[in-house]
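The structure appears right after this line, and notes come after that.
The values are calculated or read from the model by the stated rules, or taken from the named source; none is laboratory data. Just so it is clear, the structure is predicted and the values come from calculations on it, not from any experiment. Note: ideal-geometry Cβ built from the backbone for every residue, glycine included; neighbour counts use all protein chains shown. Keep in mind that these areas ignore ligands, DNA and RNA; they rest on the heavy atoms of the full protein, side chains included. Shrake-Rupley method; radii C 1.70, N 1.55, O 1.52, S 1.80 Å.
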Amino acid sequence: MDVQRNLEANVEKRTKDTYGPPPGKRLLIFVDDMNMPQVDTYGTQQPIALLKLLLERGGIYDRGKDLNWKNLKDIGYLAAMGRAGGGRNETDPRFISLFSVFNMTFPSEESLFLIYNSILKGHLQPFEKALKDMTTELTRTTMELYKQIVRDMPPTPSKFHYIFNLRDLSRIYNGLCLSTPDRFKTPQQFVRLWYNEVSRVICDRLISSTDKEHVHGLIKALLDENFAKDTEFAMKEPILFGDYRNALEESEPRLYEDLQDYDATKALFTEILSEYNDRNTPMNLVLFDDALEHLTRIHRVIRMDQGHALLVGVGGSGKQSLTKLAAFTADCEVFEITLSRGYNETSFREDLKILYNKLGIENKKVVFLFTDQHVAEEGFLELINNMLTSGMVPALYPDDEKEAIIGQMRNEATKAGSAPARESIWQYFVTKCSNNLHIVMAMSPVGDTLRTRCRNFPGMVNNASIDWFFPWPDQALFAVASTFISPEDPLIPEEHRDGIIAHIVTVHQSVGEYSKVFLQKLRRANFVTPKNYLDFINVYTKLLKEKDEYVQHQCDRLAGGLTKIAEAQVQLDDLNKKLAI
């Protein structure tokens, strides 16, 4: 249905039953990932069957009541697909026979070196000579690292997103091109920037400490070999790069730079968080070191052109809160859908129209926060996949609404240099929406759901920067507990406070350790999430308050009883005196 809807949105009616592009033009249709459609019960891929009919017969049936035949003229077809496997299916050979088939081999190392070396060399023209001279060596190092990563990190069922391709190399160089001569003056600083970009693109998606150590080992070996004197400085932790130093000062330019340490970053984000809480619903965020790292990563992606992110972590990791703060720091609005009873794909499309009106007509930069709770129907992810890959949802607007948008955008598009044709103005609108849109998907890794979704909708992995959230480290657990069990709390004596916090952390960690044993012995997974930890602290403080109130109530009852006894004793003494008389 999506294929036909998208096709019909791009052709005009010529005669009673003939459709095609505007007179004098030829429409080329590009079908990407052609072998991705699912195979149904009868072994058919329905979109492929529709396209086969279209190519063989030169038309399709109208989906209306009468099923009228539509002839489509002046249309050419281009398609691309990967080899079968990993979510891609075998495609009907009779359909393939309708195309001239070309096998695209992977570019040679010389070609890749020339492409990326030229990009970096061009960018470094205004920089110091020492930086220009290191271009060739840096590109060779990147190519060697990429080759080793592809060899050592193949995708597996549990590491389904370990898909490293040229998009990742391009992301590394995109990050390097954010540098400016003002902030990067020495080769040491530029090698450190390179290490940051490689870490963000490759290391942030790794799901185990073992894999991270292995990749850091590969990077260190390459740096020792090619930039030995800069290795120690380049790999010094923490590594936090961003352009949010002047986030609250609109008049100041925002330059991508090394923020040096956690203290400086925390001071900046504390000020930004305070400003956010003044303007929006307040968030009670604890900015521990791990949170600052994820915040910096999400902000970096949002600040990039057409930057999208896939955040993977168990419930309560802080994915949504950090995204909202990062979006505020990047001067973007946050857009979320609100589920209600009967919410379906039609409702979702209506919400997306509101989003695209903000992006294109109001010209606002928007972060679309989409979580796994928002997936009321799997079809939603089809639309998200289209937004990630092409920047637009096929046939989102009916013809009358589309004409209204073209009318509103005509003057702006003409001023920007677009041709006056309807198609050019619509393309200007789509490009503008795509440039203003940043999609952040917050998903949980629990179960097979995420793996299946990423296999069925490859744009979620290919077109997004992945940030995998690890369990909170000790420092985070202590920081959170110290914030919620505050020194001002009169119920907890100061001499016992540190011991209570340490005990809460120990209990949470011990549950995690015993959950591993539980999994080994009974083959049943028990997930210990940050939300469990926060609930644990909240239950403790609530119970403490309840027990304190209960004890206070009992004390009041006892005091009341003693008062009554004292009063009775006085009355008894009075009576005894009267009786004695």
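Compared with the direct C-alpha span, the chain from TYR77 to ILE361 gains 99.1 nm at full extension, assuming 0.36 nm per residue. In summary, the lysines within cross-link reach of LYS577, defined as a Cα separation below 24 angstrom excluding same-chain residues under 8 places away, comprise LYS564.
What does the charge count around LEU138 come to, taking other residues whose C-beta lies under 13 Å from its C-beta (Lys +1, Arg +1, Asp -1, Glu -1)? Its environment carries a net charge of -2.
The distance between label points at VAL551 and THR281 comes to 3.6 nm (points 7 Å beyond Cα on the Cα→Cβ vector). Can you tell which of SER179, ILE163, THR142 lies farthest toward the positive end of the dipole of the range 99-211, using +1 and -1 charges on the Cβ of basic and acidic side chains (Lys, Arg; Asp, Glu)? Value: SER179. Indicate the helices, whole DSSP H runs only, in the chain that combine a mean Kyte-Doolittle hydropathy of -1.0 or more with a Cα extent along their long axis of 18 angstrom or more. Span-like helices here: 109-123, 135-152, 187-201, 209-226, 262-279, 289-303, 422-436, 494-522, 530-580. Amide hydrogen proximity for VAL334: with H placed 1.01 Å from N in the peptide plane, the residues at 5 or more positions away or on another chain lying under 5 Å are VAL367. The calculated FRET efficiency for ARG349 paired with VAL570, based on their beta-carbon distance and R0 = 56 Å, is about 0.10.
The share of Cα pairs per 5 Å bin across the range 31-128, counted from zero up to the longest distance, runs 2, 9, 15, 15, 13, 11, 8, 7, 6, 5, 4, 2, 1, 0, 0 percent. In this Cβ point-charge picture (+1 for Lys and Arg, -1 for Asp and Glu), the chain has a dipole of about 1820 debye about its Cα centre. Evaluated at q = 0.14 Å⁻¹, a Debye calculation over the C-alpha positions of the range 465-581 (equal weights, vacuum) places log10 I(q)/I(0) at -0.77. What does a probe at ARG140 reach in the range 87-110, counting residues whose amide N is under 17 Å from the point 7 Å along Cα→Cβ? The answer is 109-110, whose backbone nitrogens lie closer than 17 Å to the label point.
Take the Cα of LYS578, step 7 Å toward its Cβ, do the same at ALA49, and the gap between the two points is 10.3 nm. Loop sites by DSSP among the GluC sites (Glu not before Pro) of the chain, restricted to those with at most 16 other Cβ atoms within 10 angstrom, leave 129-248 as the longest stretch without any of them.
Each Lys or Arg adds one and each Asp or Glu subtracts one; over the other residues with Cβ under 11 Å from the Cβ of MET34, this totals -2.
Label separation (VAL39 vs SER100): 3.0 nm, computed from points 7 Å beyond Cα along the C-beta direction. Farthest toward the positive end of the dipole of the chain, out of GLY561, LEU575, ALA330, is the Cα of ALA330, where the dipole comes from beta carbon charges about the Cα centre.
Multiplying the residue separation of TRP69 and SER434 by 0.36 nm and subtracting their alpha-carbon distance yields 127.9 nm. Computed over the range 122-187, the range of Cα coordinates on each principal axis works out to 46, 19, 17 Å, biggest value leading. Under a 5 Å amide H cut-off, with hydrogens placed 1.01 Å from N, ARG14 pairs with TYR19, GLY20 among residues at least 5 apart or on other chains.
Note on the chain: dipole from Cβ charges, positive end direction compared against HIS123, PRO238, SER418; the farthest Cα belongs to SER418. Here is the link list: LYS132/LYS236; LYS147/LYS266; LYS159/LYS432; LYS185/LYS266; LYS16/LYS402. Which ones come out longer than 31 Å on Cα distance? Cα-Cα > 31 Å for LYS147/LYS266; LYS159/LYS432; rest within. Other residues whose C-beta falls under 9 angstrom from the C-beta of PRO487 contribute a net charge of -2, scoring Lys and Arg +1 and Asp and Glu -1.
Leaving out ligands and nucleic acids, note down the accessible area per residue over the range 1-81 with a 1.4 angstrom probe, in whole Å². So the range 1-81 comes to 65 Å² accessible per residue, rounded to a whole number. Full extension of the segment from CYS203 to SER482, taken as 0.36 nm per residue of separation minus the current Cα-Cα distance, would add 97.4 nm.
For the range 54-97, the equivalent ellipsoid built from the Cα gyration tensor has semi-axes of 28, 14, 9 Å, listed from largest to smallest.
Derived value for the range 316-447: Kirkwood hydrodynamic radius 15.9 Å. Basis is the mean of 1/r over every pair of different alpha-carbon atoms. According to the Kirkwood relation over distinct C-alpha pairs, the hydrodynamic radius of the range 108-248 is 15.8 Å. The helix-only estimate of mean residue ellipticity at 222 nm for the chain, built from DSSP H runs of length n ≥ 4 each weighted as -39500 (n - 2.57), is -17500 deg cm²/dmol after division by the residue total. Looking at the chain, the DSSP beta bridges with both ends there are about 25 percent antiparallel.
Given the C-alpha centroids of the range 399-472 and the range 1-62, what is the distance between them in whole angstrom? When both Cα centres are located, 22 Å separates them. Taking all Cα pairs closer than 8 Å and separated by 6 or more residues, the relative contact order of the range 3-154 comes to 21 percent. Once the Cβ-Cβ distance of ARG497 and ASP535 is raised to the sixth power relative to R0 = 22 Å, the FRET efficiency obtained is 0.60. Considering only alpha-carbon pairs that sit under 8 angstrom and 6 or more positions apart, the relative contact order computed for the chain is 12 percent.
What is the range 35-118's relative contact order, in percent, from Cα pairs under 8 angstrom and six or more apart in sequence? Reported relative contact order: 29 percent. Cα convex hull, the range 402-507: 232 Å³ per residue, rounded to a whole number. The radius of gyration of the Cα set in the range 270-337, together with its Dmax, comes out at 11.6, 30 angstrom.
Only one of the listed values, [x] 24.6, 86; [y] 30.7, 129; [z] 26.2, 87, was derived from the coordinates as Rg and Dmax of the Cα atoms in Å; which label is it? Step by step, Rg and Dmax of the Cα atoms in Å for this structure corresponds to label [y].
Rounded to 0.05, the FRET efficiency of the VAL517 and ASP152 pair, given R0 = 41 Å and the Cβ-Cβ distance, is 0.85. At q = 0.21 Å⁻¹, what log₁₀ I(q)/I(0) does a Debye calculation on the Cα points of the range 243-296 give, no solvent, two decimals? So the normalised log intensities work out to -0.84.
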